[in-house]
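The values are calculated or read from the model by the stated rules, or taken from the named source; none is laboratory data. What you see is a predicted model, and the numbers here were worked out from it, not measured in a lab. No Cβ is skipped: glycine too gets one built from the backbone with ideal geometry, and neighbour counts run over all protein chains shown. Accessible surface is based on the protein model in full, side chains and every heavy atom, while ligands, DNA and RNA are left aside. Shrake-Rupley method; radii C 1.70, N 1.55, O 1.52, S 1.80 Å.
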Amino acid sequence: MKMKKYIAPSMTAAMKKVQAELGDDAIIASSKVLYSKGFLGMFKKKSFEVVAGIDRTNSIEARIPSRIVQQPMIIESESTEEQTEEIKKELADLKIMMKSMQRQSISVQYPDGLSAIIERLEQQEINPELITQIGDELFAVMKNSKEDLSQKELEVIAKKYLMNLLKDLPFGGISFNKQYINVLGPTGVGKTTTIAKMAARAVLQKKKKIGFITTDTYRIAAIEQLKTYANLLQAQVEIVYSREDYEKALIKFEQLDLVFIDTAGRNYKEAKYINDLQQLIDVEQNVENYLVLSMTAKERDMATIIEQFLAFPVEKLIFTKTDETNTIGSMINLMVKYKKGLAYYTNGQEVPEDIEEASINNIIELLFQGDNI
């Protein structure tokens, strides 16, 4: 059997090369991780080497001695019974993996020991490219480990990889360094309830004096809802219809510690509404801006909204309705893609209980909880 070497930047890419050239009947003879030397021992690049061929016979025992004789340069030492048994075992194990590439799941492109973690990430709808990066990292660690790693140990490695990916993003809620809190987002994501939760924490835990400004003059119910929360917190509400109203409200509330601004929920996939909002409120001076998204929305739609708000100085996102979904992969996908941090995530309608201040640790743990979010 003639063998060929394939080198690619990821295990998935290497397997795709094998499948494209040799088809689904290909046999993997060996696989390993390669590292380039790099500059001054640093910046090493990782790649994956796979040696594969096509099995033209039905007998592994009949094939292996012939391969060793015909291809002495591939097996760089004399044939022994021990070598033959090792090659037979590796061929048998990897043949299963190669044939399973006919399935769609990314998890089948890695050894069985990684399948549980890869499938978990797939179930959570983590981006396939990110799953490949994590899978390659786990595969490299497995290949270089002298001992078999448990599922728990592999899960810890996967968590560390994700934590390293997110470590430079801002996490956590209100900083209390700015007076005004702009809460932005499309209709139906639960902005008003989220504002009430944030405000209640500021009053009850931090003893702050607060006020509310609402620009949501399109929905009477939203104004009444905010007034109800304000009464419970003994805070004032100002309703603004124009930039002039907004400026007057700022003057009225200038002695308060925090002023929460509830912006109108509109279809922010349309640039017109973004421009209207920029004309109405100030998003730069002494302001923290948060963009609220619902975990029940499609990831593509959430991405469109984020892109529309890129002109705003939004550093952190807030995700609502995590209790209404079993998957939170889109949360991490969007944070990684747009380099946005996370302030809070909400998990119910109760005020102020059903809100969690975000950290890297609790987001990663939430991801690996599976269906128990």
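Listing for the model above:
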item	result
Where a residue in the range 271-298 is over 16 Å from LEU258 (Cβ atoms) and its partner, wherever it lies, is modelled with pLDDT under 80 and surrounded by fewer than 19 Cβ atoms within 10 Å (Cβ to Cβ), with Cβ under 6 Å and at least six apart	TYR273/ARG266
Scope the range 1-16; condition within 12 Å of VAL51 (Cβ to Cβ) and either open to solvent by 20 Å² or more (accessible area, probe 1.4 Å) or in contact with a His (Cβ under 7 Å, 6 or more places away or on another chain) (or both); matching residues	MET1, LYS2, MET3, LYS4, LYS5, ILE7
Qualifying residues in the range 342-357 (those that are in contact with a strand residue (DSSP E or B) (Cβ under 8 Å, 6 or more places away or on another chain) and assigned to a loop (DSSP other than H, G, I, E, B)) - the one least open to solvent (accessible area, probe 1.4 Å)	ASP354
Search result, residues across the range 273-311 that are part of a loop (DSSP other than H, G, I, E, B) and out of contact with any strand residue (DSSP E or B) (no Cβ under 9 Å at 6 or more places or on another chain)	GLU284, LYS298, LEU310, ALA311
Strands (runs of 3 or more DSSP E) within the range 182-268 that include 2 or more residues in contact with a strand residue (DSSP E or B) (Cβ under 7 Å, 6 or more places away or on another chain), surrounded by fewer than 22 Cβ atoms within 10 Å (Cβ to Cβ) and among the acidic types (Asp, Glu)	none
Some residue of the range 327-341 being open to solvent by less than 20 Å² (accessible area, probe 1.4 Å) and closer than 26 Å to ALA230 by Cβ	no
